1. Cα-Cα pairs above 36 Å in chain B: how many percent?
2. What is the fewest-to-most order of A:Y141, B:Y133, B:Y205 by other Cβ atoms lying within 10 Å of their Cβ?
3. Using the Karplus curve 6.51 cos²θ - 1.76 cosθ + 1.60 with θ = phi - 60°, work out ³J(HN,Hα) for each residue of the stretch B:14-25 in order, rounded to whole Hz, and write x for Gly and Pro.
4. Leaving out same-chain residues fewer than 8 places away, which aspartates and glutamates sit with a Cα under 12 Å from that of B:K180?
5. Less than 18 Å from a label point 7 Å out along the Cα-to-Cβ axis of A:R118: which backbone N atoms in the stretch A:95-109 qualify, by residue?
6. Less than 18 Å apart at the alpha-carbon level, and either on another chain or at least 8 residues along: which lysines does that give for A:K3?
7. With viscosity set to 1.002 mPa s at 20 °C, what whole-number translational diffusion coefficient in µm²/s follows for the stretch B:53-161 from Stokes-Einstein and a Kirkwood radius over Cα pairs?
8. Kirkwood hydrodynamic radius for the stretch A:1-104: how many Å is it when counted over pairs of different Cα atoms?
Amino acid sequence: MSKKPVQFRLNGGDKAVFVDDGQNLLDVLRRGIGDFAPKYGCGQGTCGVCTVLIDGEPYLACLTLAETCEGREVQTASGLAPGPELHPLQKAFMEHFAAQCGFCTPGMLMAAKALLDRNPQPSREDVVEAIGGNICRCTGYEPIINAILAAASAAGRRPA
Amino acid sequence: MPVTVRTFASLGEAASTLGSEREARFLGGGTLLMRAINEGNPPFRTVVRTTDPRLKEIRTAGQRIVIGAGVTMAEILRIRELDFLHPVARTVGGPAVRSAATVGGNIFAEKPYGDLVVALLALDATVSVHGGYSAREVPLAEVLAQRGNGAPGVIEQVMIERPAQQGALRFRKVSRVRPKGVSVLSIAAHLPTSSGRIQGARIAYGAMAPTPIRAPAVERALEGRSLDREGIAQALAVAVDDCAPADDAIASAWYRREVLPVHLRRLLLGEAR
């Protein structure tokens, strides 16, 4: 099996890795780079726990052929809070008890970030739609929806 | 079994390679093939892909619309001129699936997936299939009928006529899980009217046969009728003619046959779910 060089940006930093033929982005992130924020759930594109942003759009890392990321910008939940301050979404998840076991949380956060980046003041329906591909077996979704709406509302109150 | 990924700059090279290697598959957005690779032991040894920008072309000027096979559901949702397809594209997966899932891939998606194709069938779509040297235009229905017989080439573009009137294209996906569930079945209807009478109806079903199908008996029964309870009665009576649904984990064939006329009625009369 041949190895292919791939260069991309990960959470603002340059990464250069060798990937196997057919290797998915999730595997490269977790085993190749050591970014364990995106989780391995189903490997079938069904659960959403591996959601990352590529060039600002949400993608399932398990279904993304790693070599297609050449030259692109990848963001994972690891990059949300580069310093000691939590990202507003992380803060809202904490304050609204939106994480129980926490397994779905990195994917939920990235799905929510994709939404708020595009639509800073979403409706409840928008939020439900945005996390429609992410499964949570603990919370019943309500605390997650409330956290995302609260993060949007807090961002709306912050001075620009 | 490990796979080999071969990337080509041009569609022609990709199509030639696909045609010359028996165990090769074409990669669109990856939502189908990557699942097989992740499972291990996929039924193919080579993955062919192309970076040819032609696959991303969208032309909406005029009556005839051209959509590149590499256009994703998310991209369709961003094009205002394709608003008649928005309700359909929105039913495909969640946002992260829609970023990757392509129009071309949808044509090869086995049920319960492939909802967009049902709408394209109701729009009487044709597709251009690139065989390596040149492309030929064939009806989408023909490609679907041949789907199990190996790769016909690489799907380059899908061509449709703009719906005859605003609201002429209707679509309903029936699923057990809200907001995002896979299809028990799906129905698309193109219903142009003249003086309140249907002229040239096209009805398509998803998950009511091995591939999406047209429903010619329903189309004939609607011709010249009005969209009211009396006008659609005969269409409902023949709703499951030509269907060959299967039992699967989503629903039984019996259930699909039972509920199809109910959902067809709701679609035709514009009733709420």
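1. The share of Cα pairs beyond 36 Å in chain B comes to 14 percent.
2. With the fewest neighbours first, A:Y141, B:Y133, B:Y205 line up as B:Y133, A:Y141, B:Y205.
3. Along the stretch B:14-25, the couplings run 4, 5, 4, 5, 4, x, 9, 10, 5, 9, 10, 10 Hz.
4. A:E129
5. A:107-109
6. A:K15
7. 155 µm²/s
8. 14.3 Å
Every read-out reported here was derived from the displayed coordinates using simple, explicitly stated rules and does not represent laboratory data. Nothing here was measured: the structure is a model prediction, and the numbers come from that model. When we count neighbours, we look across all protein chains shown, and the Cβ atoms used for this are built from the backbone with ideal geometry, even at glycine.
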